[in-house]
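Undergrad: Sending over a structure as C-alpha cells; questions will come in a sec.
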Amino acid sequence: MGQVAWKALFLSLFDYKTEKYVIAKNKKVGVLYRVVQLSILAYLVGWVFVVKKGYQDTDTSLQSSVITKLKGVAFTNTSELGERIWDVADYVIPPQGESVFFVMTNLIVTPNQRQATCAESASIPDALCDRDTDCLEGEAVVAGNGVKTGRCLKDRGSTRGTCEILAWCPVEKRSKPKKPLLGSAENFTVYIKNSIRFPKFKFSKMNVLATDNESYLKSCRYSQEHPYCPIFVLGNIVRWAGGDFLEMASQGGVIGIQIEWNCDLDKAPSECNPQYSFSRLDNKSAETSISSGYNFRFAKYYRDAEGVDYRTLIKAYGIRFDVMVNGKAGKFSIIPTIINISSGLALMGAGAFFCDLVLIYLIKKSNFYRGKKYEEVKSSSRKSLSSPTLNGNQSPEQLDGL
C-alpha cells in the first residue's frame, strides 16, 4: 500500500488542474461586479496615474544651496549709544548670508563693562541675602552674572540686600525699550537666492529670473505675479506668516520660509516653479508668553590706553529666519508604469473574489449557487474507474484518482 500511495502521489504531480467557471444569471451581483470593476479602474486611472503620476520615476534627494543678502539702513538715538546709523554689518547675524539668519530689531545696551566687583541684580532670586553667610564665596550666582565674593551689600536702612559678585560690571539692565529701536526694519529687504539640483535626472534650476537686465533685481519685489523675483520685504514675510511686525520686533520671534520645488520633468523646464510659504515657528500664545520671543547676548570688546579690556554688552532681540527647501521631481519610466498596471489588474481579481463571497454566502439563493460552484465528487473503486462503460461521450471532468 505504501508503494501504491507514493506512486499515486508522484503521478499526481503531472496532473493539470483548471478552474471551473460558473455564469450566474443574477443581475444584482452582475451590477455589483461592474461597479467594483469601474471603481477599481477609476482609482487606477484617476488617483494612481493622474493625481499621483504613478507612471513616473521620482527623485526626492534634492540638492540645494541658499544664499541670503539683506539691504536697509536704520537710525537710533539713545542715551547709551547716542545718535547712530545701523546698516547690515550691525544688525545681521551671521553676516555671510546663510540659510538661517537673524535680524536685530530691539536691544538692551550695557556700555563700558569692566571686570570688577559690584552688586548683583536684585531681580535674581539667588542673589538676595540678609547676611554675609548667605553669599558663599566662590559660588556662582544661579541665572546671574558672576561669582559671589562672600559679602552681602545693603542700602542704608534696608534689612535685605544683594550679594557682591566678581563680574563684568556694571551688570546688565533688565528693562528693554517698549518700542523696538529698529522698528524701521519692517521695510528692509532680503535677497534669497536658491539653487537646486535633482541628481537622478541631472536637472538644475534657480529661483532667479534669467535676464540680462541688471536693474531687475534692484526694482522688483516678490509677489504672486513675480514668482522669480527673490527680493522679499521683511514686513511682508512676517505678515504672510500671520504675525505682527512691531510685536515680533519688540519681543523677537522665529519665521520659517519654505521653498517647495515639485517638478514634472515630462513638461517644459519653465513649468518647474518654486512655491513659497511662510509660518511662525516660535508658537506665540498666551500659555507660552513667558518663554515666547527670541533673544541672545553678544559683546564688542575694546582696550583702553592703559591696556585694560572693557566691553559693550548687547542683549539683542529680533527675528530669526529659517529658509527650508524641499522638493520632488518626476519623469516617465516604464518600470513604475508596469508595476502600477499589474497592481490594478490584481485588484480586479480581488473584486471578483468579493463578488464570489456575495454570491455564495450573502444572497437568498446562496446554497444553490454554492452547490454549482463547488462540486463534491465521492471516491470510486478502481474497477468502476476502469470499466468499459466510460466512452468518448463521457463528461470531460477528470475523475481518475479522486
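Undergrad: Which residue is surrounded by the most Cβ atoms within 10 Å (Cβ to Cβ), if the candidates are limited to the stretch 206-228 and must be polar (S, T, N, Q) and in a loop (DSSP other than H, G, I, E, B)?
TA: That would be Asn207.
Undergrad: Could you list, in sequence order, all residues of the stretch 229-247 that are open to solvent by 30 Å² or more (accessible area, probe 1.4 Å) and either among the polar types (S, T, N, Q) or touching a Gly at 6+ places or on another chain (Cβ under 7 Å) (or both)?
TA: Listed by number, the residues that qualify are Asn236, Leu246.
Undergrad: Here's a follow-up. Applying the selection to the stretch 139-157, what residues are farther than 15 Å from Val171 by Cβ and modelled with pLDDT under 95?
TA: Lys154, Asp155, Arg156, Gly157
Undergrad: Take the conditions over 30 Å from Gly253 (Cβ atoms), touching a residue at least 40 places away in the same chain (Cβ under 8 Å) and either basic (Lys, Arg) or open to solvent by less than 50 Å² (accessible area, probe 1.4 Å) (or both) and apply them to Lys53. Does it pass?
TA: Considered against the rule, which asks whether it is over 30 Å from Gly253 (Cβ atoms), touching a residue at least 40 places away in the same chain (Cβ under 8 Å) and either basic (Lys, Arg) or open to solvent by less than 50 Å² (accessible area, probe 1.4 Å) (or both), Lys53 comes out as yes.
Undergrad: Condition test on Lys202, is it of a type in the set (Lys, Arg), assigned by the TED database to the domain that holds Gln115 and touching a residue at least 24 places away in the same chain (Cβ under 8 Å)?
TA: For Lys202, the condition - of a type in the set (Lys, Arg), assigned by the TED database to the domain that holds Gln115 and touching a residue at least 24 places away in the same chain (Cβ under 8 Å) - is not met.
Undergrad: Here's something else I'd like to know. Of all residues in the stretch 253-284, which are surrounded by 18 or more Cβ atoms within 10 Å (Cβ to Cβ) and among the small types (Gly, Ala, Ser)?
TA: Result: Gly253, single match.
Undergrad: Would you pick out the residues in the stretch 153-166 that are of a type in the set (A, V, I, L, M, F, W, C) and surrounded by 21 or more Cβ atoms within 10 Å (Cβ to Cβ)?
TA: Once the filter is applied, which keeps residues that are of a type in the set (A, V, I, L, M, F, W, C) and surrounded by 21 or more Cβ atoms within 10 Å (Cβ to Cβ), the stretch 153-166 yields Cys163, Ile165.
Undergrad: Kindly indicate whether Leu313 is open to solvent by less than 40 Å² (accessible area, probe 1.4 Å), more than 24 Å from the chain's Cα centre (by Cα) and assigned by the TED database to the domain that holds Phe201.
TA: Judged against the criteria, Leu313 is a match.
Undergrad: Failed condition for Gly97, given (1) part of a loop (DSSP other than H, G, I, E, B); (2) not assigned by the TED database to the domain that holds Lys202, with all others met?
TA: (2)
Undergrad: Shifting gears a bit: As an exercise: evaluate Ser250 against (1) part of a helix (DSSP H, G or I); (2) open to solvent by 40 Å² or more (accessible area, probe 1.4 Å) and give the number of the one condition it does not meet.
TA: The number of the failed condition is (2).
Undergrad: Right, something else. Output the helices (runs of 4 or more DSSP H) that fall wholly within the stretch 313-402 and possess 1 or more residues being modelled with pLDDT under 95 and closer than 30 Å to Asn236 by Cα, or say none.
TA: none
Undergrad: Identify, by number, the condition in (1) surrounded by 11 or more Cβ atoms within 10 Å (Cβ to Cβ); (2) outside the structural domain of Phe203 (by the TED database) that Thr68 doesn't meet.
TA: So Thr68 meets the others, but not (2).
Undergrad: Condition (residue is of a type in the set (S, T, N, Q) and not in a loop (DSSP other than H, G, I, E, B)) applied to the stretch 136-145: is it met by at least one residue?
TA: Within the stretch 136-145, none of the residues are of a type in the set (S, T, N, Q) and not in a loop (DSSP other than H, G, I, E, B).
Undergrad: Here's something else I'd like to know. Scan the stretch 149-172 and give yes if some residue there is among the charged types (D, E, K, R), touching a residue at least 40 places away in the same chain (Cβ under 8 Å) and under 29 Å from Tyr294 (Cα atoms), otherwise no.
TA: Yes, the stretch 149-172 contains a residue that is among the charged types (D, E, K, R), touching a residue at least 40 places away in the same chain (Cβ under 8 Å) and under 29 Å from Tyr294 (Cα atoms).
Undergrad: Looking at (1) at pLDDT 80 or above; (2) in a loop (DSSP other than H, G, I, E, B); (3) open to solvent by 60 Å² or more (accessible area, probe 1.4 Å), can you tell me which one Lys17 breaks?
TA: (1)
Undergrad: Can you find even one residue in the stretch 229-242 that is out of contact with any Pro (no Cβ under 8 Å at 6 or more places or on another chain), in a helix (DSSP H, G or I) and aromatic (Phe, Trp, Tyr)?
TA: Yes; the residues of the stretch 229-242 include at least one that is out of contact with any Pro (no Cβ under 8 Å at 6 or more places or on another chain), in a helix (DSSP H, G or I) and aromatic (Phe, Trp, Tyr).
The values are calculated or read from the model by the stated rules, or taken from the named source; none is laboratory data. If you're wondering where the values come from, they're calculated on a predicted model, not measured in any experiment. When we count neighbours, we look across all protein chains shown, and the Cβ atoms used for this are built from the backbone with ideal geometry, even at glycine. Accessible surface areas use protein heavy atoms only, side chains included; no ligands, DNA or RNA. Shrake-Rupley method; radii C 1.70, N 1.55, O 1.52, S 1.80 Å.
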